[in-house]
Every structure is written in C-alpha cells, then in structure tokens.
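**Q** My questions all concern the structure below.
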Amino acid sequence: MTLARRSFLKHFSTGIAACKLISPAYAQRGTKIKPSSVAKKVLVAHRGASAYAPEHTLESYRLALKQGADFVEQDLQITRDGVLICLHDITLERTTNVKESFPTRFREELVNGASTRRWYVSDFSLREIKQLDAGSWFNPKFRGARIPTWQEAIDLVRGKAGLYPETKAPEVYGQRGFDMERLVLDVLRKNRLDKASAARHTPTIIQSFSPESLRKLSAMLKPGLPLVLLVDALSARWLTQEGLAEAKKFVSGVAPAKALLDKNLVMQAHAHGLTVTPYTFRSRNAGSFKTVQEEMAYYLYDLGADALFTDNPDLFPRVPMG
Ligand code: G3P
Ligand code: CA
C-alpha cells in the first residue's frame with residue numbers, strides 16, 4: 001500500500017461507516033483493507049447544501065444529509081458569552097437582519113478607506129443572536145431560520161455524517177479573550193467525539209486557514225483527529241515541496257483553493273502522505289466547465305483529489321463521468 005493510500009485511510013477511514021467509504025467491517029482493528037474499496041471520493045457539504053438553503057442553518061445541514069453528504073461543514077464563530085456558533089462571517093450583517101434588529105450595536109471601521117458599520121458576532125450574546133432571522137436574506141421562504149450553535153449542528157449531524165468544523169479568525173477571537181481551540185475541544189470532549197470509537201459513526205475533521213490554530217490543536221489532541229490546512233492564493237507557499245513537508249508535521253491534509261490545484265500538486269501532496277480537498281464547487285460558478293458536475297469530476301478523477309467542498313451535494317459525481 002502506498003504512503004498516499006495509508007494516509008488517505010488514516011485521514012478518512014475512522015468514520016468509515018458514516019462516510020460510506022468502505023464496509024464498517026473494515027474499520028475493525030486488524031481487519032484487512034481492500035484498496036479497491038477505499039477509492040471512493042468524499043463529499044463535504046460546504047456550509048450545508050448552501051446552493052439551495054441559507055448557509056449554516058439547520059435547514060441547510062438537513063438538506064445536505066438528505067443529499068448524501070459524507071461530511072457537513074461548519075464554520076465556527078464565538079458569541080460574547082463564549083458559545084461556538086455556525087456562521088461563515090465574523091460579523092452578522094451579510095446573512096441576518098441584525099441591522100434592523102439591533103440598529104445601534106455596530107462598530108464603525110474604515111474598510112478600503114470608507115467608514116463602514118459592522119456587527120461583530122462577539123459583541124452579541126447567544127440569546128440575542130437567536131433572535132436574528134438568518135433565512136430571509138437567501139429567500140423569503142426561509143424566514144425565521146436561526147443561526148445554530150455548534151452543539152445543535154452536532155445533534156443534527158451526529159451518526160448520519162461526519163463533522164467538518166473550521167476555526168474561523170482564531171487570532172481575532174484570541175485578542176478578545178477567547179481560546180477558540182480550547183472551546184472546540186471542550187465541545188468535542190463533551191460529545192465524546194474526540195474518542196477513536198466516535199469516528200465510526202461521526203468522524204470529525206478540523207480545518208483552518210490558520211497554521212497556528214492547527215499546530216495548537218495538533219498539540220492538544222492526543223491522540224489526534226485529522227487536521228486540514230486551508231490554502232488560498234496568499235498562503236500558496238504551503239503548496240511548495242518545502243511547504244508540504246512542513247505541513248505534514250501538524251496536519252494530515254491540505255485543502256487548496258481549486259484554482260491552485262493541478263495534477264502535479266496532488267501527486268506531490270500524496271507523496272508527502274497528505275490528502276487533498278479543494279474548495280469550493282458551486283453550480284452558480286463552474287468556471288470554464290459546462291456544469292459543476294463536470295468540474296467536480298475533473299478535480300476528483302482527472303487530477304486525483306480525495307474529496308472536495310461543494311455547495312451542491314446532490315451534484316457530486318460518485319463515479320467518473322462517462
Ligand atoms: O473551508 C473550505 C472553504 O469553506 C474555505 O472557504 O471562506 O468558504 O470558509 P470559506
Ligand atoms: Ca469554510
């Protein structure tokens with residue numbers, strides 16, 4: 001078995017039953033693994049089924065499960081009272097009615113030279129955040145959808161798919177007195193999701209753009225959960241030979257912006273024993289491809305990516321396209 005294959009197994013296999021990657025029997029200690037049965041690609045529902053329902057709502061997560069997601073992603077933010085919630089942005093105004101509900105609770109900031117009002121998650125208690133409408137911005141039919149706590153997301157997803165939390169802006173929260181990694185681990189421990197046994201029904205992979213956050217988690221998590229380093233154009237040095245070798249010391253996979261990926265990079269990452277999970281694939285922007293299915297199939301089967309993040313779980317190509 002190649003290094004890449006072993007790494008892939010270690011990274012994804014602990015949640016085999018939930019991921020439907022291979023028979024649950026293969027997750028048992030000492031059971032021989034059939035290489036042919038683990039070549040299936042892994043579907044991560046990006047912010048849930050966020051092409052069809054408001055991102056990071058239970059409605060979006062529920063739909064992702066219905067559409068067969070192997071993992072459901074949660075971006076994590078922290079409320080003023082220290083609760084992890086699922087939201088992509090560090091502020092509330094893009095995806096909620098916070099401006100109408102709390103018109104004076106903004107901070108004035110200069111953004112690109114212009115004075116801008118921003119409603120930070122960490123300035124609001126969970127009770128206040130639960131009053132916000134997180135659905136109408138997407139479509140009036142979702143009016144009244146709420147921002148879920150991470151615990152609520154876990155309660156919904158647990159046993160049906162894996163969890164794929166992202167530590168968002170951990171440095172900013174650190175400046176505000178929060179230890180995001182500690183909060184994440186506390187929730188995982190409370191739910192017994194840090195145990196190897198939990199991975200059979202609810203595998204968890206933690207991702208971040210922050211290498212510091214992942215290094216910290218790597219040191220705190222013994223034995224470890226899989227960790228994935230997100231890479232964008234600004235941090236593309238992680239995708240060099242030196243970068244990959246360094247990343248291998250604290251993560252088991254890299255997740256590059258899809259524009260950064262080519263076949264050579266996939267091969268190099270695999271040679272370092274790192275899995276490859278590009279982001280983000282969406283029907284509203286399939287680039288030069290005719291459809292997002294074709295785009296996803298290209299990345300998975302032509303370039304050799306192991307998994308990917310998509311807003312369209314229902315369109316994920318489970319097998320190469322003919
Ligand atoms: O986490 C994968 C992908 O979601 C990274 O981008 O900005 O959507 O969190 P973003
Ligand atoms: Ca994310």
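The values are calculated or read from the model by the stated rules, or taken from the named source; none is laboratory data. Here the structure is a predicted model, which is why all the values come from computation and not from measurement. Please note: Cβ atoms are built from the backbone with ideal geometry, for glycine as well, and neighbour counts cover all protein chains shown. Each accessible area value is taken on the protein alone, full model and side chains, heavy atoms only, with ligands, DNA and RNA left out. Shrake-Rupley method; radii C 1.70, N 1.55, O 1.52, S 1.80 Å.
**Q** Remind me, relative contact order of the range 187-235 in percent, using alpha carbon pairs under 8 angstrom and six or more residues apart?
**A** This gives 35 percent for the range 187-235.
**Q** Of all accessible surface on the range 118-206 at a 1.4 Å probe, what whole percent is carbon and sulfur?
**A** Values: 1830 of 3770 Å².
For the range 118-206, the apolar C and S fraction of the accessible surface comes to 49 percent.
**Q** So for 124, 209, what's the accessible-area order with a 1.4 Å probe, most first?
**A** The residues order as 209, 124, largest area first.
**Q** Placing +1 at every Lys and Arg Cβ and -1 at every Asp and Glu Cβ, with all other atoms neutral, what dipole size does the chain have around its Cα centre, in debye to the nearest 20?
**A** Dipole size: approximately 1120 debye.
**Q** Cross-link list 41/248; 99/258; 41/258: which exceed 26 angstrom alpha carbon to alpha carbon?
**A** Checking Cα-Cα distances, 99/258 exceed 26 Å.
**Q** Determine the gain in length on full extension of the stretch residue 160-residue 101; use 0.36 nm per residue of separation and subtract their C-alpha separation, reporting nm with one decimal.
**A** Result for the pair: 17.8 nm of gain on full extension.
**Q** Which of rounded, prolate or oblate describes the range 61-201 when judged by the alpha-carbon gyration tensor and an a/c cut-off of 1.5?
**A** Oblate shape, in that a/c is at least 1.5 and b/c is the bigger or equal ratio.
**Q** Now a separate question. With each label point set 7 Å from Cα along the Cα-Cβ vector, what nm distance links residue 285 and residue 249?
**A** 3.4 nm
**Q** Let me ask you something else. Sequence neighbours fewer than 8 away in the same chain don't count; with that in mind, list the aspartates and glutamates whose C-alpha is under 12 Å from residue 222.
**A** Filter leaves 194.
**Q** What list of ³J(HN,Hα) couplings, whole Hz, do you get for the range 170-175 from phi and the Karplus terms 6.51, -1.76, 1.60, once you set θ to phi - 60° and write x for glycine and proline?
**A** Listing the rounded values in order: x, 5, 5, 5, x, 5 Hz.
**Q** Which one, 234, 261, 308, has the greatest fluctuation when you compute a Gaussian network model over the chain with C-alpha springs under 10 angstrom?
**A** 234
**Q** Most fluctuating residue of 291, 204, 104 in a GNM of the chain with Cα springs under 10 Å: which is it?
**A** Looking only at 291, 204, 104, the biggest GNM fluctuation is shown by 104.
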